[in-house]
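Heads up: the structure comes next, in structure tokens.
Just so it is clear, none of the values below were taken in a lab; they were calculated from the coordinates. Every value quoted in this text rests on a predicted model; they were computed, and no experiment measured them. We place every Cβ from the backbone using ideal geometry, glycine too, and count neighbours over all the protein chains shown.
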């Protein structure tokens, strides 16, 4: 109440202060209290009816053009009451705000709702935030020499990095690619201005390396949805891979130890961005999996992911939308998770779709817990039952572990209509899980839910918000779910890890089938279990399926049996071994493709690539004669413009520099003797130094033939396994490859 009174008092003070005195007031005690108010829960309280009248007048004035003479004072007055997206379209232009207010004003523009309370608010906010990011992109990237100076733009961009929160954009099915690309470009420019080199070129992997080096980069390896989703990528991965974990923290948690036991190495990254980037680049990583969400806020992993750190960089379900980052090469999804024909249009990365769902979860070696916390008191799990929660045994209990953020007003309306339609039904929610936040506006959210139930004439006892302390672990949560009858998945941002516990206790789950990743994740998991009857193709069908389960006991029992049977057969969503086999094949292909691309660039390969293995230890005269015959034949071949000649070095007597000198001598002699000197202008000759088995294998897929020389290095030919290549003598070359 004191804060609400302070909000009203301060707002009226701003309205009384002359425009010329606002800067002084903002830098003093009034401004300090004002800024504090913007960090408190007072922002979530609706204005009184009396306040709403004068606030409506203020909003009208703020949207006037040209600007009102007291524009800034009214803006300051309204900031503790409304977010910028609730005021109007003319709030975005930072240059219309005096310089002394700009930093704080950008923070205000970036303020995100903790939850949405009005129908349509999520969509409106998404459009507002996309417009804001587009405006900031124009200000910082497209028009860097605009109205504000370099120092101020850098300061404002830093505010964007620190306060930009993209979580509220998740709760729709819109294509967010453009916005995330703009976000990445703003952050990239900021890092570049701070002196960080984002681009980096890694050389070919060392020839002696026999395994593909997979790095897994995460903020930590503590129990979380991200850790559970990333573990199957490497838990049982083929021994053809060398797995190394990189973390910002080292905690000695049992799950961290288990994750490390599945890898060849575990490193805690050094402090400092430059030091971390340098360390990761020194690791010479072939494939780097970014396992932490980099699309919500610009955390340290996000800033690292903007750098080129490995030959191949990719992410998956940890980030539920495209990253927009130029150095993120691939996004791993699933055929059931990204159904849309134009799904690639939603990603800046190359979209890779695994068979089935994108997700697999592993929980490591976690011993089951034996106690459950209810109302802050540890009790034996056998006493946690409907009676302890004041839920009648005859009730039909719908439940959901969807986080508060996911429960949009539209979703709440769907759930309310289900409760209204199912007699004696109860909705039991667990909205305050630790994966999203440690601090929730619980009072305001509870009030919103109670108001919606009351407005539909639903008794208060039909709503149960479970908020035990400390936070429930998986086994404890399953005890609660065993009391329920039906689980309701969230939409349009569906669940993934939150669906596993209800499935493990045999609960039917109702989910909505969206077309793209974040709205199709839950349905994909159910379809992978062959539980198609639980998936609604529309919101109406979602509601009808939930009502049918709630009102038809026989149907509910039948579906429960199907769930138990599906979960008893080691479902793929929990089978790390099957997942690892699929991931291993995919990673091998990506690595081989990258090797092929690198070899094509380094060796300047063309449509026709021929290879020869000179004996560099023979006499210089004999060597030069062999090379002259070979080069002349290539230079005068009808398809010479489409050819690359590869000469393999043996790494002994002649190095690359010596071989280049020999070839220069050969070319000079041929051009002096040959009337047609133009034949040598397009000649492409590349020297092949030491390669490993994988590199030879990839290269040979690009080779059309081996040229037999009078004297060759047989040891190198055998080591490279080149005897299987089609071979021809120099004399017959003119009739081949035409």
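Just for the chain, what percent of DSSP beta bridges are antiparallel, to the closest 5?
Numbers: 6 of 61 bridges.
Taking every DSSP beta bridge with both residues in the chain, the antiparallel ones total about 10 percent.
The helix-based estimate of mean residue ellipticity at 222 nm for the chain, built from -39,500 (n - 2.57) per DSSP H run of four or more residues and divided by its residue count, is -12500 deg cm²/dmol to the nearest 500. Which FRET efficiency value, to the nearest 0.05, is calculated for residue 279 and residue 552 with the Förster distance at 60 angstrom and r the Cβ-Cβ distance? Rounded to the nearest 0.05, the efficiency is 0.50.
Here the residues 105, 487, ranked from fewest to most Cβ neighbours within 10 Å of their Cβ, fall in the order 105, 487.
For residue 119 and residue 628 in one chain, what is 0.36 nm times their gap in residues minus the Cα-Cα distance, to one decimal in nm? Show your work: numbers first, answer last.
Values: separation 509, 0.36 × 509 = 183.24 nm, distance 7.93 nm.
Result for the pair: 175.3 nm of gain on full extension.
Using Cα pairs under 8 angstrom and six or more residues apart, how large is the relative contact order of region 212-354, in percent? Over region 212-354, the number comes to 22 percent.
Site pair residue 365 and residue 439 shows an inter-label distance of 3.8 nm when each label is modelled 7 Å from Cα along Cα→Cβ.
In which sequence would 521, 414 go, from the one with the fewest C-beta neighbours within 10 Å to the one with the most? Intermediate values should be presented prior to the final figure.
On the way: 521 28, 414 21.
Ordered by Cβ neighbours within 10 Å, fewest first: 414, 521.
The relative contact order of the chain, computed from alpha carbon pairs under 8 Å that lie at least 6 residues apart in sequence, is 10 percent.
Averaging the sequence gap over all C-alpha pairs within less than 8 Å and six or more residues apart, then dividing by the number of residues, gives region 655-738 a relative contact order of 25 percent.
With the cut-off at 1.5 for a/c, could you classify region 1-82 from its C-alpha gyration tensor as rounded, prolate or oblate? Intermediate results must be reported in sequence, preceding the final value.
Numbers: a/c = 2.04, a/b = 1.13, b/c = 1.81.
Taking the square roots of the gyration eigenvalues as a ≥ b ≥ c, region 1-82 is oblate.
How much length would be gained if the chain were fully extended between residue 735 and residue 387, taking 0.36 nm per residue of separation minus their Cα-Cα distance, in nm to one decimal?
Extending this stretch completely gives an extra 116.3 nm.
Protection proxy ranking of 450-461, 496-507, by the mean of other Cβ atoms within 10 Å over each peptide's residues and highest first, is 496-507, 450-461. For region 116-137, the residues whose amide N sits under 19 Å from a probe point set 7 Å from the Cα of residue 67 along the beta carbon direction are 132, 135-136.
Let a ≥ b ≥ c be the square roots of the eigenvalues of the Cα gyration tensor of region 374-569; is it rounded (a/c under 1.5), or, if not, prolate (a/b larger than b/c) or oblate? The shape class here is rounded. Here the residues 178, 406, ranked from fewest to most Cβ neighbours within 10 Å of their Cβ, fall in the order 178, 406.
Take the Cα of residue 32, step 7 Å toward its Cβ, do the same at residue 544, and the gap between the two points is 6.3 nm.
Tell me whether region 603-735 comes out rounded, prolate or oblate; compute the Cα gyration tensor, take square roots of the eigenvalues as a ≥ b ≥ c, and use a/c under 1.5 as the rounded threshold. List each step's numbers first, then the result.
On the way: a/c = 1.65, a/b = 1.24, b/c = 1.33.
The shape class here is oblate.
Highest mean packing comes first when the peptides 259-272, 423-436, 660-673 are listed by Cβ atoms within 10 Å, giving 423-436, 259-272, 660-673.
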